[in-house]
1. Out of 14, 3, which single residue is open to solvent by 20 Å² or more (accessible area, probe 1.4 Å), modelled with pLDDT under 95 and in a helix (DSSP H, G or I)?
2. Inside region 26-81, can you point out the residues that are of a type in the set (S, T, N, Q), over 20 Å from residue 16 (Cα atoms) and out of contact with any Gly (no Cβ under 7 Å at 6 or more places or on another chain)?
3. Would you mind finding the one in 61, 89, 74 that is outside any helix (DSSP H, G or I) and either without any contact (Cβ under 8 Å) to a residue 24 or more places away in the chain or under 30 Å from residue 156 (Cβ atoms) (or both)?
4. Could you grab me the full set of residues in region 84-117 that are touching a Gly at 6+ places or on another chain (Cβ under 9 Å) and aliphatic (A, V, I, L, M)?
5. Could you tell me how many of the residues in region 68-84 are more than 15 Å from the chain's Cα centre (by Cα) and open to solvent by 50 Å² or more (accessible area, probe 1.4 Å)?
6. Residues of region 117-147 being at pLDDT 95 or above and of a type in the set (Ser, Thr, Tyr), which ones?
7. Got at least one residue in region 41-56 being in contact with a helix residue (DSSP H, G or I) (Cβ under 6 Å, 6 or more places away or on another chain), open to solvent by 30 Å² or more (accessible area, probe 1.4 Å) and not in a helix (DSSP H, G or I)?
Amino acid sequence: MSFTDTSEKGFQKFIANYLVSTHSFLETTPADFDREFCINTRQLLSFIEATQIDAYEMIQKKGERAFLLRLDEKLKSDGVIDVLRKGVKHHDKTIDLFYREPSSSNNPRDLARYQSNVFSVTQELKYSLENENRLDLVIFINGIPIITTELKNPLSGQTYHNGIRQYQNDRDPKEK
């Protein structure tokens, strides 16, 4: 009989491994995360390069930092969902950051775009420039974080209530 790690870290690793092995997520490291912009910059730019080469070339020509500042501004003003839905206008181009699932498979171009989305998971992510707080798991789409989690282990006396309190008390709502 094999050992089952019932710790919080074991649960975290199990979830990450499941997402990678069963759902083709990439596992990224905390070092891939840009704390200033709160995104996985390399993954985002790779997605844009693979799906919108003209936009990628424009970003390279005008400067990655200028694009990241524009994206950061739009995320702050419009929120993640709106930016994923509508993309971000940078200079004369609207840059798509996510492709929705097409309503049918009759359009191979839309299906290929949808399939180009990259989901990833990162464990133990330090997200702030202000402190060393960590999130247990973060799920990204095309380098943009969409889900953060704080896992709790009932075997050690913690429940989801502890996770809620941790978000309420240990996280500054003014931080990205």
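The values are calculated or read from the model by the stated rules, or taken from the named source; none is laboratory data. Computed from a prediction, not measured in an experiment: that's the story for all the values here. Backbone-built Cβ (ideal geometry, glycine too); neighbour counts: all protein chains shown. The area values use the complete protein model at the heavy-atom level, side chains included, leaving out ligands, DNA and RNA. Shrake-Rupley method; radii C 1.70, N 1.55, O 1.52, S 1.80 Å.
1. Step by step, each of 14, 3 is checked, and only 14 is open to solvent by 20 Å² or more (accessible area, probe 1.4 Å), modelled with pLDDT under 95 and in a helix (DSSP H, G or I).
2. The answer is 46, 51, 52, 60, 77.
3. The conditions single out 89.
4. Those that are touching a Gly at 6+ places or on another chain (Cβ under 9 Å) and aliphatic (A, V, I, L, M): 95, 97.
5. The qualifying residues number 6.
6. Residues satisfying the conditions are 120, 122.
7. no
Per-residue answers, yes or no, for (1) open to solvent by 40 Å² or more (accessible area, probe 1.4 Å); (2) among the charged types (D, E, K, R); (3) farther than 29 Å from residue 50 by Cα; (4) in a loop (DSSP other than H, G, I, E, B):
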residue: 110; (1), (2), (3), (4): yes, yes, no, no
residue: 114; (1), (2), (3), (4): yes, no, no, no
residue: 117; (1), (2), (3), (4): no, no, no, yes
residue: 172; (1), (2), (3), (4): yes, yes, yes, yes
